Amino acid sequence: MSLLSAEGADVGKPFVSRPWAALPLYVIAIAIVVLDQVSKFVIVRAMRLGQTIPLIPDFFDISYVLNPGAAFGILASRSSAFRSPFFVGVSVLAIGLIVYYYHRYLHEPAHLPPAALGLILGGAVGNLIDRLRVGMVIDFLDFHLSGYHWPAFNVADAAISIGVGLMLLRMLHEWRRDKAPTTR
């Protein structure tokens, strides 16, 4: 490892001057995993599978369901012999890629923000824990309005969605900045 300062470091190469630079990524990820797993523990202990508790009538319920598929039930109808290894493998790959990307590009000015990646990382780990423990993901946040029903989801799913949204906003901001006319 190089002992150079951030200004003198080679692009994409790690250096020792900021050993705690990745801390925000992991603090956010751990917070999401803890919040996700505690909320699921409470749901499993307090409710029966399939039970619904209306909190805001005709808008928001707590509904304990198991999702064998991905977000919005994608691939839920595939056999568990395919689904389980597939989703565990995709989760492990995503977790590995996030950690690699973050550490590889940590010191570049255009790297993705740790908040976005921490949310996605924490969400991926939270749902991976479910898949390894239960074989499916525990969902319970259930929104509906005027006959429209959003598929139930959980804290990990929300964190992943927010993290992806933050990444897209960052990319859009950078794209607009790069496309803006330069004044000299």
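The values are calculated or read from the model by the stated rules, or taken from the named source; none is laboratory data. These numbers come from a predicted model, not from an experiment. All Cβ positions, even for glycine, are placed from backbone atoms using ideal geometry, and neighbour counts span all protein chains on display.
Overview of results
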quantity: Pairs with Cβ under 8 Å, 6+ apart, first in the range 22-40 and touching a residue at least 24 places away in the same chain (Cβ under 8 Å) and of a type in the set (Asp, Glu), second outside any helix (DSSP H, G or I) and surrounded by 14 or more Cβ atoms within 10 Å (Cβ to Cβ); calculated: ASP36/ASN154
quantity: Contacts under 9 angstrom Cβ, first residue in the range 62-86 being over 15 Å from ASP130 (Cβ atoms), partner hydroxyl-bearing (Ser, Thr, Tyr), 6 or more apart; calculated: ILE62/THR52; SER63/THR52
quantity: Test: residue in the range 166-174 that is farther than 28 Å from GLY50 by Cβ, surrounded by fewer than 17 Cβ atoms within 10 Å (Cβ to Cβ) and of a type in the set (Lys, Arg); calculated: yes
quantity: Residues of the range 27-75 classified as out of contact with any Lys or Arg (no Cβ under 8 Å at 6 or more places or on another chain), modelled with pLDDT under 95 and under 23 Å from ALA124 (Cβ atoms), total; calculated: 6
quantity: The range 48-61, subset of a type outside the set (Phe, Trp, Tyr) and touching a residue at least 60 places away in the same chain (Cβ under 8 Å), residue surrounded by the fewest Cβ atoms within 10 Å (Cβ to Cβ); calculated: ASP58
